[in-house]
1. Apply the Karplus parameterisation 6.51 cos²θ - 1.76 cosθ + 1.60, with θ equal to phi minus 60°, to every residue of the stretch A:228-240 and state each ³J(HN,Hα) to the nearest whole Hz, in sequence, with x for glycine and proline.
2. Which one of A:Y246, A:Y21, A:Y152 has the biggest mean-square fluctuation once chain A is modelled by GNM with Cα springs under 10 Å?
3. Under a 10 Å cutoff between Cα atoms, tell me which one of A:A52, A:A244, A:A162 has the largest fluctuation in the Gaussian network model of chain A.
4. When only DSSP loop residues count, what chymotrypsin sites (Phe, Trp or Tyr not before Pro) in the stretch A:79-135 have their Cβ near at most 11 other Cβ atoms within 10 Å?
5. Decide, for the stretch B:1-135, between rounded, prolate and oblate: order the square roots of the alpha carbon gyration tensor eigenvalues as a ≥ b ≥ c, take rounded if a/c falls under 1.5, and otherwise choose prolate if a/b is larger than b/c, else oblate.
6. May I ask you to list the residues of the stretch A:105-134 whose amide nitrogen lies under 18 Å from a point 7 Å from Cα along the Cα→beta-carbon direction of A:Y152?
7. Given the options A:L147, A:L157, A:L58, which has the most mean-square fluctuation in a GNM of chain A, springs set between C-alpha atoms less than 10 angstrom apart?
8. With charges set only on the Cβ (+1 for Lys and Arg, -1 for Asp and Glu), what does the dipole of the stretch A:101-199 come to about its Cα centre, in debye to the nearest 20?
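All of the numbers you see were taken from the coordinates with simple rules; none came from a lab. Note that the coordinates shown come from a computational prediction; the quantities given were computed from them, not determined experimentally. As a convention, Cβ positions derive from the backbone with ideal geometry for all residues, glycine included, and neighbour counts pool all protein chains shown.
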Amino acid sequence: MLAKLLKYELKATARWFLPLYAALVIFALINRALIQNDPSVLAEAANLWKIAFILSILVYVFLFVGIMVVTFVVVIQRFYKNLLGDEGYLMFTLPVQTWKHIASKLLIAMLWNFSSAVVGFCSIMLLIPARELGELDLMLAEFQKYLGTMGYFSISLLALAALAAGIIQMYTAIALGHLFRKHKLLASFGMYIGLNTVNQMVYMLIIPPFLNTMIPFAEPAFFTSNRLNTLILFFSITLAILAAIYYTVTNIILKRKLNLE
Amino acid sequence: MNTILECKNLSKSFGATKALDGINLTIERGRIVGLLGPNGSGKTTFIKICNELLTPTSGEVKINGFNPGVETKKIVSYLSEKTYLNDWMKVSQIIRFFQDFYADFSPEKAYDMLKRLNIDPNSRLKTLSRGTKEKVQLILVMSRDAKLYLLDEPIGGVDPAARDYILDTIITNYSEDAAVILSTHLISDIEKVLDDIIFLKEGQVVLNKTVDEIRDEYGKSVDALFREVFKC
């Protein structure tokens, strides 16, 4: 049943993202063509070129920001509207466990966040002239120097855990807000701020003691790549545990305290 | 085991208001039960608790021996009073959706009913009128071979001509081992199909009898009795 939920969740959300991705890539290509054909000789053509360039860059930036906003809004809207709005009458009467509803929303939300980032990055790559791509190699070399090959793994894990925790935290805030009889959206917003405070407290309680045990501060070689990776992994695990707790809380609320009105 | 639904001392409060107040009921298979009462008497609340959309404050419901959950959802076909259709699917896609999630759903039945009610399977759900949406929902619900149909105001929003067809569908579509509970306040239209009557008033059951008993004991129709009991 989870596979079926995922399929419908993907279908319901793809109609937002795919056209936007396509438009972004097309405008990145248009900009690329304009940059490569800069007519610096003829004054008249230059003016026309400038107008076209400004317009297409504006559209590109507009699309870029639009994708970020849509990614954020769709995450919230799918959970709020499809599960806790009128559509919830259909979803929650399907013979499917509640945790699967949450999982399908979460996994697809993570997928779109990830692909929005990839598409955004690729579109920027299209804009950068080939001769400047060497910069990227330098950046990667710098990354390798500090974190080593292990760094690719630990950073990916951190991104994944942070993404999951960030999304579930929103779900939990919405589910908690839904327990209120009135002003549910306002309550959800308040709950989100509350949960953020909880996060901060957890970090403050856990991170400094961990640092103290790991690194004797007197030591000269303070940040070795091993230490940085351990720190990143430790932080990833903290986030993953937070995500698991939020997931459980959301599941309990939707299972035992669901009140669709 | 002829009982399909049983509830004991079921209560539900919203803040200070009691929507349901100690309901005790037993519904047998093979019956069509009218859940009747004025607005705010607790009809919808009762049906939503049976579907796990609301959690009871106290007491419990058992459907086929289970508390509301995945097991009961497999055998309960529910028509909500809200339109729950999303805005991106076509009629044919929502039929596919039901087929995917409910093992007892028959797409043939659904397409047959769509044809009878002149609804194009290729139209988008969001372009349908309110009445047509209600018809589509009813078609989806009645195309299942469920053990219990919970129909909340099934004929409220549709025209009288479609009403007859829908009632006909409800009686002919359910089998002897299934029960139908339908809530409404359009009693005269629906009286002829009902076996049992439950009157709800301010969250309590004030009458629970068969239609024949009502005719014998009171010498009047259910509609007339309703007007008397709930006289304002």
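1. These are the phi-based 3J(HN,Hα) values: 4, 5, 4, 4, 5, 4, 4, 5, 4, 5, 4, 4, 5 Hz.
2. Largest GNM mean-square fluctuation: A:Y152.
3. A:A52
4. Values: sites: A:F79, A:Y80, A:Y89, A:F92, A:W99, A:W112, A:F114, A:F121; in loops: A:F92.
Here no loop site has a sparse enough neighbourhood.
5. The shape class here is prolate.
6. A:118, A:122
7. A:L58
8. 680
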